[in-house]
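The values are calculated or read from the model by the stated rules, or taken from the named source; none is laboratory data. Model, not experiment: these values are computed from the prediction. Reconstructed Cβ throughout: ideal geometry from the backbone, glycine too, with neighbour counts over all protein chains shown.
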């Protein structure tokens, strides 16, 4: 039997067999579960490590590791300090409430019902206490770590050197100190309230508080404990009342004079300010009454005091200011509010850098009767740009894309380049990589083979060729032209949004020419080296791409490039900056550099009205191109400076930050927090300085503020009679504000042209022009940043942009031509409507493009010019100017291939030579057929007719030559024949 008993488990029989078989699998299951649990924990740990490690590697690769470490240690420090404080606060009060529990006695029904809960948690109370404190500590720590900017600004803040007009405190108190004090106050409130709730629940659970039982509702110990916590809460409320006094200087409120009014008004200074002081005193007394319960052991006085405080807050803090506003301010608002409006005007103008804006009266009408005398002044006044960078990107794409895997940004940029010793406005774009155009998308092609764009494409901004195409100054592949020799490969650009792995065994496609496809291997030191297995595993996890871990295409020298857009890189290395929406390329010292404007901002400038960056910088371009929107667009600010100019090398990805505003205290504060990250202004080379410009987003913020704050008189400001608005863009149907335009021009007080950024204003709710504004955008000059405003008189009417466009569309001759140009599948597109001050009047110029007739890109076909009531709509800018200013000129015809305007061919003269006569008859028929086709908008028939006309004229010319000249009668030159304004083969 004993032998059988031992054998039965192996055969599956006997009473002990099943127990043995069940026991062994259960241990295996437990082991498996433990293994899976350990693997899961390790996986989560490695996932967290991968994110941390890849961030560290990236910051180290761009030489900004100090930004990563400073930010990381600040967050960790705040997390642990405030997390620990919150955990200790809540945990201590729970422990104290448990310690002060009353001894168990004859229990009431209420206590008997709680007994089972006490019994249930008794074995786990230490773990429960630890779990609660850990949870609140983690939440508080995570919240506090998000305040790293507030902490760094407080601990590194420098003085503004300016004091607010009410409390006479330095502006740095409001910008750097007050936000930190408010955070500490909020943390104190949160800790006190959580401690109060936790203590009350603990007292209730252990019998210190009774709700339904007869007799005393609370023990003396519970009363004292909770009273102290309530006293702390009321003390914090007293501190809040005191800080609220200073907060009035940066408080936003509704005020009919302006949106987002900031600062004290009459009711704030004469009602809210004394009310906050009185409430502070009441709160201090009330807090003392709560603390006094430690000795008196009664709630009577604290409850009375608390009720008095609440009643005072309603009467003194709410009702009294309303009475002051109703019966003192409203009957005589202008007189009461004027002193405070003056403070707001002064502070707002200083905070946005518009206090030096020069406002000059401008008649709006020319004083010169002889308009022809003004014709020569146009070229001296402005280099009028007829190439619209926001429209011609498809033209660049069609003519200079070369390969399908290249592309240009939606909106090109305007810069200045020197040619023959003279600066000229240039439309410029980079031939960037477009992965959507590669022959076949797969992992190798997308990330190893096609890795970069190639070359700059630039065109003159002030001219077009005979077919309406840009006149390229840098073109082809590789690019060549006026820009000389430079590194043309573009690894970092606005369209480069995915990662690439370069420099390893897999060759990259460089570019293609007539001799075939060229390959290349990246030789820069950008990116992160993937030779380490840990690095490869981390990036495989970070990018959710396991092939990075084991692919044979990655080897010695392989580097991964990511965070490749210029704005993305600058924002990463300087997270304390607000980035402009438009990064633009420039060729500087043999390299393509992306130039990025960056701002320092705060919303704590006393008395300065606030604005929302996203709303203020929105226009018709950002509505159709989100990439042009300002980073951190929903930020509300009331102080802004273009304090940093940043560059990103298109080949190496190197990021450099240059101090631009050397007086900005906000930048100085951040430079203390992140030392050695911003280079001094003196390090900007002259070649780079030549391409720096005044940023568009700052200009849009300033023009929005100047629509109200151009006045310096409080009475006028309050009346609202001088409020302007930025007009809607009349050239499209989006309905958003007209964007500002770059062009070289001179204002009436300037002696020569300067690269400028311009805009127009109209009266609020009306379409006529009220002002013209320009800022000197040419960096490195003494007038850089100077804002000039030409204010038109209110008693005269000068057409604004919308009226000019309406007039343009309503003139019959122009409307007929537009109808002709837009027949068939052709579309008419209107370019930027530029305004230029000229001899007291406003010269408007608008290029008109046609896209259609088989073309996929717009070509310049007409130019609108209007001045002093005269309007011209001609093929070229010169012809339009001649017509408007009364200069002699020939009738306008579509341009010929050689770019010259030719008079309309007349009927060929008769001749006695039958061969010549036959050829001339054919020419006359071809000409008539061409005119009919032109009228019908049939470009194919028109082109065929032109070919027949040219052939017939050549036959006539040859016949005349053979006959000895034909008696002196000359047939029209073949090149005199008109060419189509838009045709399928004109590109």
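Of the candidates 375, 349, the single residue that is surrounded by fewer than 17 Cβ atoms within 10 Å (Cβ to Cβ) and assigned to a helix (DSSP H, G or I) is 375.
Every residue, every condition in (1) without any contact (Cβ under 8 Å) to a residue 12 or more places away in the chain; (2) over 25 Å from residue 158 (Cα atoms); (3) in a strand (DSSP E or B); (4) touching a helix residue (DSSP H, G or I) at 6+ places or on another chain (Cβ under 8 Å), yes or no:
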| residue | (1), (2), (3), (4) |
| --- | --- |
| 661 | no, no, no, yes |
| 672 | no, no, no, yes |
| 697 | no, yes, no, yes |
| 761 | no, yes, yes, yes |
| 767 | no, yes, no, yes |
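Of everything in the stretch 799-832 that is touching a residue at least 60 places away in the same chain (Cβ under 8 Å), in a helix (DSSP H, G or I) and out of contact with any helix residue (DSSP H, G or I) (no Cβ under 8 Å at 6 or more places or on another chain), the residue that is nearest to residue 862 (Cα to Cα) is 821. When you look at residue 68, is it under 23 Å from residue 568 (Cα atoms) and either modelled with pLDDT under 95 or part of a helix (DSSP H, G or I) (or both), yes or no? Taking the combined requirement at face value, the residue satisfies it. Scan the stretch 128-136 and tell me whether some residue there is buried (at least 17 other Cβ atoms within 10 Å of the Cβ) and in contact with a strand residue (DSSP E or B) (Cβ under 8 Å, 6 or more places away or on another chain). Within the stretch 128-136 (the criterion being buried (at least 17 other Cβ atoms within 10 Å of the Cβ) and in contact with a strand residue (DSSP E or B) (Cβ under 8 Å, 6 or more places away or on another chain)), the answer is no, since none of the residues qualifies. Can you confirm whether residue 649 is closer than 25 Å to residue 410 by Cβ and more than 17 Å from the chain's Cα centre (by Cα)? When the stated conditions are applied, residue 649 passes them. For the residues 38, 81, 90, the requirement of being more than 27 Å from residue 528 (Cβ to Cβ) and in contact with a helix residue (DSSP H, G or I) (Cβ under 6 Å, 6 or more places away or on another chain) singles out 90. Right, residue 493: in contact with a strand residue (DSSP E or B) (Cβ under 8 Å, 6 or more places away or on another chain), on the phi > 0 side of the Ramachandran plot and in a loop (DSSP other than H, G, I, E, B) or not? Judged against the criteria, residue 493 is not a match.
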